[in-house]
Amino acid sequence: MSIRRNHPPGQLGDHLTALIMQTSVRASTIYPWQERETRLLASFAMHSIDSLGRDQQEPQHWYRSPYQRDRDRILHSAAFRRLSGKMQVFTGEMGDYHRTRLTHTQEVASLARTIGRTLGLNEDLIEALALLHDIGHPPYGHCGEDALDACLKECGGFSHNRFALELVTRIEQRYTDYPGLNLTREVLSGQHYRSHKEDAGAPMLEIQVVDVADSIAYDAHDVDDALKLGLLDWDQLTGLALVRRARMAVPLDRTDPDRRRQLLVHTLLDLQMSDFLQHTQRLLEPMRGFDALRVQQLGVRLGMTDGFAKEKEELERFLFENVYRHPRLAQVREQAAQRLTELFEYLVDHPNQLPDRFQSWIHSHPLRQVVGVYLGGMTDRFCDEQYAALMGQHVAQAADWS
Ligand code: MG
């Protein structure tokens, strides 16, 4: 086995040297996943054999590529399972039709893998990045994040993207000798990029694909959930260019409201995916033969056609004004943020109420940060239960959302 391509000196440095040493020991080994990637992936995909490795060196697994192992580690983490109890936009108080963080993440992973397969990118890396992308969200979605950010203002604030890195490098326990999941540097770099987008250059294509799939997924499913919950009605949507496009593509107006909603959502997904894929295929065509690093150095940015991107922005502005700021949702969010803030201050005043593991961190970390980590990992339901148990106040459940 040999390193697949020659990277410019200084780009990969010690990691490349370490990889050459590792691979020369097993010069005769060609892993099944390596063969599969060589056969199926485009030159500009991130090939597993070019991985910069992990902080803690591990031998290669014979039938799972490094990124398949990352995907499995994320999937089996406690933080990932907790996504099922975390709200995306709408809370559990609003019934059980709408998306949770977990189902959103699954939709993103599915769309991102479809894109990856169509473009010849590394699907395993894409799936790992997608499963990780929202793992750092605290309870109560963005309002929970804002509340924690305010509570932690004096010690760096709170960001779900940074917290995701903290979870997988420090908080999750998988090995006896070191903390975290020991993920590859490529998967960690996806989350670093999400934390520092404003000062980062173009990331590798697989990271960009997950970003686009995230946006395609939430634009479509937030329309679905908002219609189902009665936060929007059909007439409000018909002025939007993207909805007009969907009505031209399929006979939406000749169906009953439920079927029309489903058809609209599927069509919104298909229109966005088609535009992105066609545009991206044209963009990447001249880059056949380039490797992942070269494409990244060229600063290639994936996206939709200009006209389509403007229509998508119009839909997003509409959702922001009419759904995310809807008075019924605003009230639920405000109460949730208030509960989280009260619980935070209570635990700062009563650190003996923290679980043993978190109490042991107080000696080496600021108390407010420890409380932030404890609360940030909670599901909405567990946070409500803790609020009720510690503050002696039950959380009122709204009954009129179905
Ligand atoms: Mg997301």
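The values are calculated or read from the model by the stated rules, or taken from the named source; none is laboratory data. Bear in mind that the values here come from a model prediction, so they are computed numbers and not experimental data. When we count neighbours, we look across all protein chains shown, and the Cβ atoms used for this are built from the backbone with ideal geometry, even at glycine. Quick note on the areas: whole protein, heavy atoms, side chains included, nothing else; ligands and nucleic acids left out. Shrake-Rupley method; radii C 1.70, N 1.55, O 1.52, S 1.80 Å.
Note down all Cβ pairs under 6 Å where the first residue falls in the range 100-124 and is at negative phi, the second is among the acidic types (Asp, Glu) and more than 11 Å from the ligand (Cβ to nearest atom), and they're at least six residues apart or on different chains.
Here the result reads ALA109/GLU127; ARG113/GLU123; ARG113/GLU127; GLY116/GLU123; ARG117/GLU123; LEU121/GLU206; ASN122/GLU206, each pair linking the range 100-124 to a residue that is among the acidic types (Asp, Glu) and more than 11 Å from the ligand (Cβ to nearest atom).
State yes or no: is LEU205 under 24 Å from SER189 (Cα atoms) and either more than 16 Å from the ligand (Cβ to nearest atom) or touching an Asp or Glu at 6+ places or on another chain (Cβ under 9 Å) (or both)?
Judged against the criteria, LEU205 is a match.
Surrounded by 15 or more Cβ atoms within 10 Å (Cβ to Cβ), touching a residue at least 60 places away in the same chain (Cβ under 8 Å) and within 30 Å of HIS47 (Cα to Cα): does that describe ALA217?
Considered against the rule, which asks whether it is surrounded by 15 or more Cβ atoms within 10 Å (Cβ to Cβ), touching a residue at least 60 places away in the same chain (Cβ under 8 Å) and within 30 Å of HIS47 (Cα to Cα), ALA217 comes out as yes.
Could you please find all residues in the range 366-390 being open to solvent by 50 Å² or more (accessible area, probe 1.4 Å) and out of contact with any Cys (no Cβ under 9 Å at 6 or more places or on another chain)?
ARG381, PHE382, GLU385, ALA389
Could you tell me whether LEU152 is surrounded by fewer than 24 Cβ atoms within 10 Å (Cβ to Cβ), farther than 19 Å from ASP222 by Cα and in contact (Cβ under 8 Å) with a residue 40 or more places away in the chain?
yes
Would you call ARG294 among the charged types (D, E, K, R), farther than 27 Å from LEU232 by Cα and surrounded by 12 or more Cβ atoms within 10 Å (Cβ to Cβ)? Can you show your working first?
On the way: among the charged types (D, E, K, R): yes; farther than 27 Å from LEU232 by Cα: yes; surrounded by 12 or more Cβ atoms within 10 Å (Cβ to Cβ): yes.
Yes, satisfied.
Has the range 78-98 got at least one residue that is within 16 Å of the ligand (Cβ to nearest atom), among the small types (Gly, Ala, Ser), crowded, with 24+ Cβ neighbours inside 10 Å and under 26 Å from LEU268 (Cβ atoms)?
No: zero hits.
For the condition among the acidic types (Asp, Glu) and touching a Lys or Arg at 6+ places or on another chain (Cβ under 9 Å), what is the one hit in ASP134, ASP96?
The conditions single out ASP134.
Among the residues of the range 166-206, which ones are open to solvent by less than 20 Å² (accessible area, probe 1.4 Å) and either aromatic (Phe, Trp, Tyr) or part of a helix (DSSP H, G or I) (or both)?
Residues satisfying the conditions are LEU167, VAL168, ILE171, GLU186, VAL187, GLY190, GLN191, LEU205, GLU206.
As an exercise: evaluate SER110 against (1) within 23 Å of LEU329 (Cβ to Cβ); (2) within 15 Å of the ligand (Cβ to nearest atom); (3) surrounded by fewer than 20 Cβ atoms within 10 Å (Cβ to Cβ) and give the number of the one condition it does not meet.
(1)
Among the listed residues ARG317, ARG333, ARG368, ARG325, identify the single one that is within 30 Å of LEU242 (Cβ to Cβ), basic (Lys, Arg) and modelled with pLDDT of 95 or more.
ARG317
Could you please give the count of residues in the range 107-144 that are assigned to a helix (DSSP H, G or I), farther than 26 Å from GLY53 by Cα and either outside the structural domain of VAL265 (by TED's automatic domain parsing) or under 15 Å from the mean Cα position of the chain (by Cα) (or both)?
The total comes to 4.
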